[in-house]
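Okay, so here's the structure we're looking at.
The values are calculated or read from the model by the stated rules, or taken from the named source; none is laboratory data. Remember, predicted model here, so these are calculated numbers, not experimental data. Using ideal geometry, Cβ is built from the backbone for each residue, glycine included, and neighbour counts are taken over all protein chains shown.
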Amino acid sequence: MGAAYTLKKRGFTPILLEAEDHVGGRLAADEVDGFLVDTGVDFFCYSYDAVFRICEELDVPLVRSRQTLGWHRNGRWLVTTAEPSISGIIRNLSAFRGLGLLSRGGMKLVWQVFRQPDYLTFASDSRMAEIDGDESFGGYLARIGAPESLQVTLRGFVENGVLDYVAPSSQAYIRGYLANTFLRPHQLMQPEKGAGALARALRDACADVIRISTPVREVVVGERGATGVVIDGETIEADAVICAVPAPKALEIIPNLPVGVRETLRKVTYSSACRLVMGLDKPPLPPGWHGAIYPEDETPLVLDRSINLPGCVPPGKSTLDLIAGRERAKQLLELDDEEIKGEMLRDVRRNAPPGSAIPGDHEGLFSRVYRWRIAVCKGPPGMFRAVANTRRELGRDVPNLFLAGDYTRVPLVNGALASGISAAEETVALFASSG
Ligand SMILES: Cc1cc2nc3c(=O)[nH]c(=O)nc-3n(C[C@H](O)[C@H](O)[C@H](O)COP(=O)(O)OP(=O)(O)OC[C@H]3O[C@@H](n4cnc5c(N)ncnc54)[C@H](O)[C@@H]3O)c2cc1C
């Protein structure tokens, strides 16, 4: 949608073909009985640029995320807040100690993260690919001598946040993730009406060029480059094609990709995630808590988004938002919706923070289950560098075919949007150069 929006602004009329009956992909939201329910994306990081620019252009108001998180550690609850003040930092000190951040390894990590702002940013011009190499995040933690307590915290934070097992991911990527989220919780932003507000705004801006329920079966690439796309019952000729689907899907629908590009795309892997959202009459967590994190086990991440985003719920209502990743997500994805609901609620009830009101299986105003077999890109070591080279290789061999989508940049929503915008700009430049 970022590509279609940009092309339209430049005076072109693209066709956006979407397989599902709605656009937005992992940024899409549902509307259920007055609740705005984000199905994938939750927050935007301080270094996002394309996202903030488009939000401004399309009048999508943003608010700062107020995070008061409970961390379940060694059978106790540590509570951290995102207050940027001195008193907030002092208040968090004992929690930071419990999370291992004040250890030698912890201080080293914080120092090494803040020392490399140009490389660990999620902005469109991030230089992350330059410091991506063979080293995994697990290898990095061992190298800096991170104590076990810190390793558990970081694994729990990032893995609970649906990134799957992080030890095998690129050290650059996970350090970037920490720099943008864990170490800057007070700078996380959210659209007032949930992340899906951005998808809705883009959808409305591109409504006249969108064809939903139209899966692309093949992108046709011949000797002269990309010539069109095959949909059910029709081949649509095209002067240029921007393919903005996750890497495994791109491999499926573009059989004639150059060999080197195919090899790179095979390196791109994703986590799975399973999300249960319930509408409630009362807050499920202790007063003021936005979420509960379980770094030591597979209990889902628990969020009450009405604390952060009251504009997403009808007055006086709350939500219980449970997100499971790792092996637990893979197990849950095999079950039907009712079974998933029962299992996830049971997991949380087992260790709910004192003062919580986790609903029973048959309580709640509504419930929805969202399954993500392709959730967040895992970014194995070397992927970022290889993908950056791919852009050059494709530009040389098939200049009118552009790959966009999160995995082609830093793979979160800013990367996805920035990649679409820049594919559109390159398309415009190509047309200009060929008259
Ligand atoms: C649970 C969850 C939480 C997340 N949290 C965050 C977060 O807090 N912050 C953040 O920045 N990011 C987050 N992400 C990641 C973020 O959602 C993605 O990085 C980003 O939305 C990816 O956008 P995309 O356009 O590359 O891919 P997608 O959103 O996957 O879009 C691809 C689109 O292509 C369509 N498509 C696929 N195949 C075809 C075909 N053959 N023909 C036509 N259409 C096709 C799909 O239906 C889809 O609409 C989260 C993701 C998940 C799942």
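Looking at segment 159-196, which of its residues are in a helix (DSSP H, G or I) and under 21 Å from Ile374 (Cβ atoms)? Step through it out loud before you land on a result.
Start the filter on segment 159-196 by keeping residues that are in a helix (DSSP H, G or I), which leaves 159-163, 171-180, 185-187, 196.
Matches in segment 159-196: Glu159, Asn160, Gly161, Val162, Leu163, Tyr173, Ile174, Gly176, Tyr177, Gly196.
What's the total number of residues in segment 346-385 that are buried (at least 16 other Cβ atoms within 10 Å of the Cβ) and in contact with a Leu (Cβ under 9 Å, 6 or more places away or on another chain)?
Final tally of qualifying residues: 20.
Under the condition of being among the charged types (D, E, K, R) and within 16 Å of the ligand (Cβ to nearest atom), which residue from segment 139-186 is surrounded by the fewest Cβ atoms within 10 Å (Cβ to Cβ)?
First, pick out the residues of segment 139-186 that are among the charged types (D, E, K, R): 143, 148, 155, 159, 164, 175, 184.
Adding the requirement that they be within 16 Å of the ligand (Cβ to nearest atom) leaves 159, 164, 184.
Details: Glu159: 20, Asp164: 23, Arg184: 17.
Taking the candidates together, the pick is Arg184.
Suppose we keep only residues that are of a type in the set (Gly, Ala, Ser) and in contact with a strand residue (DSSP E or B) (Cβ under 6 Å, 6 or more places away or on another chain) within segment 216-232. Which one would you say is surrounded by the most Cβ atoms within 10 Å (Cβ to Cβ)?
Ranking the candidates gives Ala226 first.
Six or more apart or on different chains, Cβ atoms under 6 Å: show the pairs whose first residue is in segment 215-244 and under 26 Å from Leu417 (Cβ atoms) and of a type in the set (Gly, Ala, Ser) and whose second is in a loop (DSSP other than H, G, I, E, B) and within 13 Å of the ligand (Cβ to nearest atom).
Ala244/Ala404; Ala244/Gly405
If Val41 satisfies every condition in (1) in a loop (DSSP other than H, G, I, E, B); (2) touching a strand residue (DSSP E or B) at 6+ places or on another chain (Cβ under 8 Å); (3) among the aliphatic types (A, V, I, L, M) but one, which is the exception?
(2)
Name the single residue that is surrounded by the most Cβ atoms within 10 Å (Cβ to Cβ) among those in segment 387-435 being part of a helix (DSSP H, G or I), more than 15 Å from the ligand (Cβ to nearest atom) and of a type in the set (A, V, I, L, M, F, W, C).
So the residue we want is Leu394.
How about segment 45-84: which strands (runs of 3 or more DSSP E) wholly inside it have at least 3 residues that are of a type in the set (D, E, K, R) and in contact with an Asp or Glu (Cβ under 7 Å, 6 or more places away or on another chain)?
none
Which members of segment 267-301 meet the condition of being under 29 Å from Lys249 (Cα atoms) and among the β-branched types (Val, Ile, Thr)?
Within segment 267-301, Val268, Thr269, Val277 meet the criteria.
Run down Met189, Met278 and say which single residue is modelled with pLDDT of 95 or more, in contact with a strand residue (DSSP E or B) (Cβ under 8 Å, 6 or more places away or on another chain) and within 14 Å of the ligand (Cβ to nearest atom).
So the residue among Met189, Met278 that is modelled with pLDDT of 95 or more, in contact with a strand residue (DSSP E or B) (Cβ under 8 Å, 6 or more places away or on another chain) and within 14 Å of the ligand (Cβ to nearest atom) is Met189.
Among Gly25, Gly11, Gly34, Gly2, which is the only one that is within 12 Å of the ligand (Cβ to nearest atom) and at positive phi?
Of Gly25, Gly11, Gly34, Gly2, the one residue that is within 12 Å of the ligand (Cβ to nearest atom) and at positive phi is Gly25.
Only one residue in Thr408, Thr427 is without any contact (Cβ under 8 Å) to a residue 40 or more places away in the chain and out of contact with any Cys (no Cβ under 7 Å at 6 or more places or on another chain), so which one is that? Give the derivation first.
Details: Thr427 fails: without any contact (Cβ under 8 Å) to a residue 40 or more places away in the chain.
Just one listed residue meets the conditions, Thr408.
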